[in-house]
Amino acid sequence: MKILSAIVVFAALLAQFGCSAYSIDRTNDNPGPKLDPPGSAYVCLCEDGRFNSKVYQGSGLITTQIIMDKLSKHLRQVEKGQNPETCDEALNTALYRGHNYLICPSILQWEDHTDVRDRLSVKILVIDTLTGVKIDVAIINGKSRLLPSGKEKPQDLLATPIQAYVDSLFQ
């Protein structure tokens, strides 16, 4: 009986304080690109995330800044777009400014709830600016712990998986 009680208590604690979860899904078949650390990247500013009719103001900027922060640990220069652009527009800007890589993020899902799990999904395209070839495409999915406190925000789910993804681009 004590074992059963301990299991129930453990399960309750796990549900209350459980961890957030994330996945990184690459949509290409190659083993993963290797970016050149002395290079530079242009990160286009993505549109703000939406859920139903609600727009999460600033979510595009937050996503872009997190990606820039993680890339800056590997590249000599990282520049952010000033306004949201299409990937084609951003490619022209990156070429004009002399960058090696274009990083084109887009928010596919951004849900901020108080009573159920927050969820997010961000697609990241990595493009060689000289050739226009897609080097890598990944979708990062995240969700908050099982019983959210209401204090977490979707952006809190971004830093760890984006760091893991960016690190993988240089390994």
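The values are calculated or read from the model by the stated rules, or taken from the named source; none is laboratory data. The shown structure was predicted, so the numbers you read here are calculated from the model rather than taken from an experiment. With ideal geometry, Cβ positions are generated from the backbone for all residues, glycine too; neighbour counts draw on all protein chains shown.
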Task: Pair list, Cβ under 6 Å, 6 or more apart: the stretch 122-146 residue buried (at least 18 other Cβ atoms within 10 Å of the Cβ), other residue in a strand (DSSP E or B) and among the acidic types (Asp, Glu) - done: VAL126/ASP136; ILE135/ASP128
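Of the residues in the stretch 104-121, how many are out of contact with any Ser or Thr (no Cβ under 8 Å at 6 or more places or on another chain) and either closer than 20 Å to ASP88 by Cα or crowded, with 17+ Cβ neighbours inside 10 Å (or both)?
6
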Open item on the list: Among the residues of the stretch 49-63, are any free of Cβ contacts under 8 Å to residues at least 60 places away in the same chain, under 15 Å from LYS123 (Cα atoms), part of a helix (DSSP H, G or I) and of a type outside the set (Asp, Glu)?
Closed with: yes
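Yes/no per residue for (1) in a helix (DSSP H, G or I); (2) more than 17 Å from the chain's Cα centre (by Cα); (3) over 19 Å from GLU47 (Cβ atoms):
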residue: ALA94; (1), (2), (3): yes, yes, no
residue: GLY98; (1), (2), (3): no, yes, yes
residue: SER121; (1), (2), (3): no, no, no
residue: ASP136; (1), (2), (3): no, no, yes
residue: ILE139; (1), (2), (3): no, no, no
Open item on the list: Checking the structure you have, find out if any residue of the stretch 86-94 is touching a residue at least 60 places away in the same chain (Cβ under 8 Å) and over 19 Å from ILE139 (Cβ atoms).
Closed with: no
Open item on the list: When you check GLY60 against the structure, is it surrounded by fewer than 19 Cβ atoms within 10 Å (Cβ to Cβ) and either under 11 Å from the mean Cα position of the chain (by Cα) or closer than 12 Å to ALA41 by Cβ (or both), yes or no?
Closed with: no
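If you check GLY39, GLY49, GLY18, which single one turns out to be of a type outside the set (D, E, K, R), closer than 30 Å to LEU169 by Cβ, modelled with pLDDT under 95 and touching a helix residue (DSSP H, G or I) at 6+ places or on another chain (Cβ under 9 Å)?
Unique residue meeting the criteria: GLY49.
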TODO: May I ask you to verify whether HIS74 is in a loop (DSSP other than H, G, I, E, B), at pLDDT 95 or above and buried (at least 20 other Cβ atoms within 10 Å of the Cβ)?
DONE: no
Open item on the list: Can you confirm whether TYR96 is surrounded by fewer than 17 Cβ atoms within 10 Å (Cβ to Cβ), modelled with pLDDT of 95 or more and among the aromatic types (Phe, Trp, Tyr)?
Closed with: yes
